[in-house]
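J.: Handing you a structure now.
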Amino acid sequence: MPEQTKYPPEGSGSDRSCKPGAGLYLVATPIGNTGDMTFRALELLQGADLIVCEDTRVTGKLLNRFNVRTPMLPYHEHNAAQMRPRLLARLAEGAVLALVSDAGMPLISDPGYKLVSDVIEAGFAVTAAPGANAALTALQLSGLPPDRFLFRGFLPTKTVARRAAIEEVASISATLIFYESAQRLAVLLEDLNGVLGARPAAVARELTKLFEEVRRGSLPDLAAHYAAAGPPKGEVVVVVGPPAAAEAALLDTEGLEGALRQALAGGSLKTAVAEVARLSGRPRREVYARALALVGATASGDGDGDEVGDDEER
Ligand code: SAM
């Protein structure tokens, strides 16, 4: 039987008159609009013994705005390993710790995962005060199907690794959500378009802020727009629609090979590869490799000798 933690820990901030019970509280903060601070977040930040935050300057500004005077302790990727034992020791003494990130929900492309897993492992109470989050807000506004989605967060910055990461999620039948900096937006869109093809997408910018904007369109159109316009101001989330049903059918190995067999029966290797690459949105080189394997398997020869050169890469 998995161990059960008591929820909410005694006095978990729902009653203004009592201090929250000991434990770790994951407290969401606004992603731009300070009006999105929740009452419960304020109560917890006020009632905590310590606010564990990424950057004391960023969180300090927010706390000043709401007159919260609780001491802060920085917790980020460079000091996390040293800080965790100290934080666990404070929990063992019965302290109330509030974990916040610079903005939005802690742990979501922000520090905290290892701390939470250690706190659970050590048997201390952990609970969350949810609130603003850029990924879900972008999904809501994207106009794309929200019933099934995959949050992929930030992709690697190196081209080969980034494209490989996109290929990994290409066959998933779900709306995809990516975080990216405005500076790198055009490169991300170019690669998404290169790997996923003409899917519907949206770029959500400056969510909850004065200049909030959601630009919706196909991946090629959005890629062309931001390549020409240059980096936009502020923060962005990219949301990409799921593969169309016909495309999805071609995205698993079986579907792709079935389509290739059919196309090879009716034409040359080159034509078959071009057709299936277009339909599936898969890179032509990958489809070509599969086609060669199929031709090799059935004829144990070199096929019809057609080649797909670099200039034909999508
Ligand atoms: N923990 C945060 C959350 O819950 O959304 C995310 C933090 S992550 C380090 C920062 C990224 O979130 C940005 O690069 C951007 O992709 C996205 N983001 C955060 N605030 C945003 C906003 N107001 N508008 C658009 N994107 C935002």
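J.: Using 0.36 nm per residue, how much length does the chain from Gln82 to Ala161 gain when fully extended, once their Cα-Cα distance is taken away? Spell out each step's value before the answer.
T.: Numbers: separation 79, 0.36 × 79 = 28.44 nm, distance 3.03 nm.
Fully extending the segment from Gln82 to Ala161 adds 25.4 nm.
J.: Can you tell me the mean projection area, over all orientations, of the convex hull of the chain's alpha carbons? Units nm², please.
T.: Details: hull surface 82.2 nm².
Spelled out: convex hull of the Cα atoms, projected over all directions, averaged, 20.5 nm².
J.: Cα axis of helix 253-266 to longest principal axis of the chain: angle in degrees, 0 to 90, nearest 10?
T.: Taking Cα atoms only, the helix is inclined about 20 degrees.
J.: By how many degrees, between 0 and 90 and to the nearest 10, does the Cα long axis of helix 80-92 differ from the longest principal axis of the chain?
T.: Around 40 degrees separate the two axes.
J.: Using the beta-carbon distance between Ala198 and Asn64 and R0 = 41 Å, what value does 1/(1 + (r/R0)^6) give for FRET efficiency, to the nearest 0.05? All intermediate terms of the calculation are to be shown ahead of the outcome.
T.: Numbers: r = 47 Å, r/R0 = 1.16.
For Ala198 and Asn64, the calculated efficiency is 0.30.
J.: If you line up the long axis of helix 284-299 against the longest principal axis of the chain, both from Cα atoms, how many degrees apart are they, to the nearest 10?
T.: Tilt of helix 284-299: around 50 degrees.
J.: Nearest 5 is fine: what % of DSSP beta bridges in segment 23-132 come out antiparallel, could you say? Could the numbers behind the result be given before it?
T.: Values: 1 of 15 bridges.
So the antiparallel bridges in segment 23-132 amount to around 5 percent.
J.: To the nearest 20 debye, what is the magnitude of the charge dipole of the chain about its Cα centre, counting +1 on the Cβ of each Lys and Arg and -1 on the Cβ of each Asp and Glu? All intermediate terms of the calculation are to be shown ahead of the outcome.
T.: Working: 32 positive and 39 negative charges, 218 e Å.
Magnitude of the dipole: close to 1040 debye.
J.: If you restrict to DSSP beta bridges whose two residues both lie in the chain, what percentage is antiparallel, to the nearest 5? Don't skip to the answer; put the middle values down first.
T.: On the way: 17 of 36 bridges.
For the chain, the DSSP antiparallel bridge percentage is about 45.
J.: Okay, moving on. Looking at the chain, which longest stretch skips every one of the chymotrypsin sites (Phe, Trp or Tyr not before Pro) that is in a DSSP loop with at most 15 other Cβ atoms within 10 Å, leaving the sites themselves out? Don't skip to the end; give the middle numbers.
T.: Working: sites that count: Phe66, Phe211.
Between exposed loop sites, the widest span is 67-210.
J.: Next up: At a threshold of 8 angstrom on Cα-Cα distance, excluding pairs fewer than six apart, so keeping six or more, what relative contact order does the chain reach in percent? The partial results should precede the final answer.
T.: Values: 544 pairs, mean separation 45.8, N = 314.
About 15 percent, as a whole number.
J.: Amide H of Gly104: which non-local residues (sequence gap of 5 or more, or other chain) have their own amide H closer than 5 Å, using H built in the peptide plane?
T.: Amide H to amide H, under 5 Å and 5 or more residues apart or across chains, Gly104 pairs with Thr29, Ile31.
J.: Hey, what number do you get for the chain at 222 nm if only DSSP H runs of n ≥ 4 count, each worth -39500 (n - 2.57), divided across all residues, to the nearest 500? Intermediate values should be presented prior to the final figure.
T.: On the way: 12 runs with 133 residues, N = 314.
Result for the chain: -13000 deg cm²/dmol, rounded to the nearest 500.
J.: Let me ask something additional. Under a cut-off of 26 Å between alpha-carbon atoms, report the lysines in cross-link reach of Lys209, not counting same-chain residues fewer than 8 places apart.
T.: Cα-Cα hits under 26 Å: Lys61, Lys233.
J.: Follow-up question, since we're still on this one. Could you go through segment 193-206 in sequence order and give the Karplus-derived ³J(HN,Hα) for each residue, using 6.51 cos²θ - 1.76 cosθ + 1.60 with θ = phi - 60°, rounded to whole Hz, and x for Gly and Pro?
T.: Couplings: 5, x, 8, 8, x, 7, 7, x, 8, 8, 10, 9, 10, 6 Hz.
The numbers here are math on the coordinates, done by the rules we state, and not lab data. If you're wondering where the values come from, they're calculated on a predicted model, not measured in any experiment. Positions of Cβ are backbone-derived with ideal geometry, glycine not excepted, and every protein chain shown enters the neighbour counts.
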